[in-house]
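To start, the structure itself, in structure tokens.
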């Protein structure tokens, strides 16, 4: 999938970032989807300006279906990697679950 970047968004190595920053577009989009105001998103990412956050939100809204597909792909990839890591070292993940107080099957 190719999305044409804008002045506020750049593509690097298959991911979309706020131009000139290390902040992923994903972070701004998830904040926006969770009801955060642009001002609250800036508080979470103080390296961004309010203009950059509004620009990222406008970019998302202008490419919503493509960005939703991109985010879904990233979630699926994350789940596959997490499952592979759990399979590679189940003892570690059992200990992590125990440390978090989660029920663990033995």
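The values are calculated or read from the model by the stated rules, or taken from the named source; none is laboratory data. Treat the numbers as computed from the prediction; the structure is a model and nothing was measured. FYI the Cβ positions are ideal-geometry reconstructions off the backbone, even for glycines, and counts take in every protein chain you see.
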Does at least one position in the stretch 5-12 carry a residue that is part of a helix (DSSP H, G or I) and loosely packed, with under 14 Cβ neighbours inside 10 Å? no
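Quick grid of which residues meet (1) closer than 14 Å to residue 16 by Cβ; (2) in contact with a helix residue (DSSP H, G or I) (Cβ under 8 Å, 6 or more places away or on another chain); (3) modelled with pLDDT of 95 or more:
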{"residue": "26", "(1), (2), (3)": "yes, yes, yes"}
{"residue": "31", "(1), (2), (3)": "no, yes, yes"}
{"residue": "38", "(1), (2), (3)": "no, yes, yes"}
{"residue": "44", "(1), (2), (3)": "no, yes, yes"}
{"residue": "49", "(1), (2), (3)": "no, yes, yes"}
{"residue": "54", "(1), (2), (3)": "no, yes, yes"}
{"residue": "58", "(1), (2), (3)": "yes, no, yes"}
{"residue": "82", "(1), (2), (3)": "no, no, no"}
{"residue": "87", "(1), (2), (3)": "no, no, no"}
Let me spell it out: the conditions are (1) in contact with a helix residue (DSSP H, G or I) (Cβ under 8 Å, 6 or more places away or on another chain); (2) within 19 Å of residue 74 (Cβ to Cβ); (3) without any contact (Cβ under 8 Å) to a residue 24 or more places away in the chain, and residue 13 meets all of them except one. Which number is the exception? (1)
